[in-house]
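**Q** Below is one structure. I have some questions about it.
Each reported figure results from applying straightforward, stated rules to the coordinates on display, with no laboratory input. Note that this is a predicted model, so its numbers are computed, not measured. All Cβ positions, even for glycine, are placed from backbone atoms using ideal geometry, and neighbour counts span all protein chains on display.
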Amino acid sequence: MSYKTVLVHVDESIRSDFRARIAADIARDEGAHLIGTAVTGVSRFIYQDGNISSADPNLATHLQFLSERAARSVTGFTQRMQELDAPSYEGMVAHDEAGGGIGLLARYCDLVVVGQASRNEPSPSVLPDFAEYLVMHSGRPVLIVPYVEDFTSVARRPLVAWDASRESTRAVTDAIPLLKRAELVQVAIFNPNAASDAHGEQPGADIALFLSRHGVKVQVSVHKTSTDVGNALLSLAHDLDSDLIVMGGYGHSRFREMIMGGVTRTVMESMTVPILMSH
């Protein structure tokens, strides 16, 4: 298993270039094609009339402005890839809002790389729940890059949050290309007695065996905590000097509002290292 197509969301935010570099490094390691995509931020359904300019000249002018802004982001991406001598890449503009545009393209990619929403730099074209929406609806693993901190590596020392659930299973499987390249993968299990049937007689033994058969170097640790598991996970990642957290994404949507599970919400709000999530 490997990633052959990596999709990264690019825009005019401060962290866009850093995010693109992380995606480029992964694509290079995997021998994958990299697609940098900017969005206009307007739903594609507004274009379906096909006669926008005559119906509302002001709207047509605004859409042109949004398209030009997205095109600048793509130009910046392609220039950065040239500087990095990326072997296989392309840039494109999606005439859509972020969730719909990137979510649709994601179905034809192996990995999606996006940024964590920043309170200090709200995006004019991306809703705050963009990353959560992709996790829940794209059907692909989503690598979320924090809006703070810089990293010298990603996925050299991953931490897997394992609870034996369907979502956790999906996340681990989707992350295998990254885990195989890691120096050591730490698998953390919190309060295993809460799901003893799923974990088996020896919590962590089965997932460790599964990963080892894929050539992953793995170490399992079991933790008991009476505090919030999300904060305990982030604290453990700090203690282990982890540079990636792999975990299932839990929640559901109510129309466009994302109702995320407690652990998922805590980690996505307070993350300081990249998070790979699948649902």
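**Q** If you build a Gaussian network model of the chain, linking Cα atoms that sit under 10 Å apart, which residue out of 143, 234, 209 swings the most?
**A** Result for the chain, Cα springs under 10 Å: 209 fluctuates most.
**Q** Expressed as a rounded percentage, what relative contact order does the stretch 158-278 have, with Cα pairs under 8 Å and six or more residues apart? Could the numbers behind the result be given before it?
**A** Values: 194 pairs, mean separation 38.8, N = 121.
Here the relative contact order equals 32 percent.
**Q** Within the chain, which is the longest segment containing none of the GluC sites (Glu not before Pro) that sit in a DSSP loop and have at most 16 other Cβ atoms within 10 Å?
**A** Numbers: sites that count: 12, 149, 183, 201.
The segment 13-148 is the longest one with no such site.
**Q** Check cross-link reach from residue 180 to the lysines: straight Cα distance under 21 Å, and skip same-chain residues fewer than eight apart.
**A** Partners within reach: 4, 217.
**Q** Here is a further query. For the residues 154, 114, what sequence is obtained by ranking on other C-beta atoms within 10 Å, fewest first?
**A** Going from sparsest to densest Cβ surroundings: 154, 114.
**Q** Another one. Below 8 Å, C-alpha to C-alpha, sequence gap of six or more: please give me the relative contact order for the chain in percent. Walk me through the numbers before you get to the answer.
**A** Details: 546 pairs, mean separation 52.4, N = 279.
Relative contact order comes out at 19 percent.
**Q** Could you point to the label whose value was computed as Rg and Dmax of the Cα atoms in Å for the structure here, given (i) 19.5, 69; (ii) 19.0, 59; (iii) 17.9, 53?
**A** (i)
**Q** Setting aside same-chain residues fewer than 8 positions from residue 224, which aspartates and glutamates have a Cα under 18 Å from its Cα?
**A** Excluding near neighbours in sequence, the set is 163, 197, 201, 239.
**Q** Rounded, prolate or oblate: which one fits the stretch 111-167, using the alpha carbon gyration tensor with axes a ≥ b ≥ c (rounded when a/c is under 1.5, else prolate when a/b beats b/c, else oblate)?
**A** Note, shape of the stretch 111-167 comes out oblate.
**Q** Scan the chain and report its longest stretch carrying no chymotrypsin sites (Phe, Trp or Tyr not before Pro) that are both in a DSSP loop and have at most 13 other Cβ atoms within 10 Å. Please report the intermediate quantities before stating the final value.
**A** Working: sites that count: 108, 255.
So the longest stretch without any such site is 109-254.
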